[in-house]
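A.B. asks: Please read through the structure below; I'll follow up with questions.
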Amino acid sequence: MTDKKIALFGGSFNPIHNHHVKMANTVLEEHVAEEVWIIPSKNHPYNKNLAPAKDRINMIQLAFDNPKVKINRTEIESNETNYTIRTIKKLKKKHPHEFYWVIGADVLYEMENNSWYGLNELLKETEFIIFSRKGYSIKQIPDMRIKAALDIKTHNESSTEIRERIRQGKSLKDMVPFKVEEYIQKKGLYK
């Protein structure tokens, strides 16, 4: 198998929403990578309650109709605490590809405060694809290699806001893909 350029997009996807979908599609449309691997986390680093992994994976599958967007279960199937650096190392061991890690500009502020496990090692291990995020400028982190900085126009949804709207019985129109909204309603998630 030949080397491919793969964008790794990790997160809890609790639930996946239109901003996530637009980010993954933009990476492909801008030819930054040949594939996007969505990596749902098993647990949230800040111990937030997550919908069951099976439901989150099903919603990710419903959100994309593109064979170049794949779900990678490395973190879901792991029995250890998942950190980005561990995930990248596992994937590099298994696959001969060139990997980039997708983040929003808001994450740069977490990195700046050195709150990411193994940050220095991570910066040596991979390049980053950074997306603009409303209220956050794209800032340079020392030693960070940036493959691409991309700007997209969406409503800037957040999964937290979506879960709150569900609890309040409000519409999710234009926030999540229609099939994802149907799935959430059918399964009674986030009530």
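A.B. asks: Can you tell which of Trp116, Tyr136, Val180 lies farthest toward the positive end of the dipole of the range 98-191, using +1 and -1 charges on the Cβ of basic and acidic side chains (Lys, Arg; Asp, Glu)?
C.D. replies: Of the options given, the answer is Val180.
A.B. asks: Quote the charge dipole size of the range 5-187 about the Cα centre in Debye, to the nearest 20; the model charges only the Cβ of Lys and Arg (+1) and of Asp and Glu (-1). Mind showing how you got there, number by number?
C.D. replies: Working: 30 positive and 24 negative charges, 101 e Å.
About 480 debye.
A.B. asks: Moving on. If you take the Cα Rg of the chain and divide it by 2.2 N^0.38 Å, with N the number of residues, what do you get?
C.D. replies: On the way: Rg = 16.1 Å, N = 191, 2.2 N^0.38 = 16.2 Å.
Compactness ratio reported: 1.00.
A.B. asks: Aspartates and glutamates near Lys92 by alpha-carbon distance under 12 Å, same-chain residues fewer than 8 away left out - which ones?
C.D. replies: Reachable aspartates and glutamates: Asp3, Glu125.
A.B. asks: Considering only DSSP beta bridges whose two residues both sit in the chain, what percent are antiparallel, to the nearest 5? Walk me through the numbers before you get to the answer.
C.D. replies: Values: 1 of 23 bridges.
Around 5 percent of the beta bridges assigned by DSSP in the chain are antiparallel ones.
A.B. asks: Would you please put 162-171, 60-69, 7-16 in order of how densely packed they are, using the mean number of other Cβ atoms within 10 angstrom per residue and starting with the highest?
C.D. replies: 7-16, 60-69, 162-171
A.B. asks: Tell me the GluC sites (Glu not before Pro) within the range 5-98 that lie in a loop according to DSSP and have at most 10 other beta-carbon atoms within 10 Å.
C.D. replies: Sparse-neighbourhood loop GluC sites (Glu not before Pro): Glu77, Glu80.
Bear in mind that the values in this text are calculations on the coordinates, not laboratory data. Just so it is clear, the structure is predicted and the values come from calculations on it, not from any experiment. In this analysis, Cβ positions are derived from the backbone assuming ideal geometry, glycine residues included, and neighbour counts consider all displayed protein chains.
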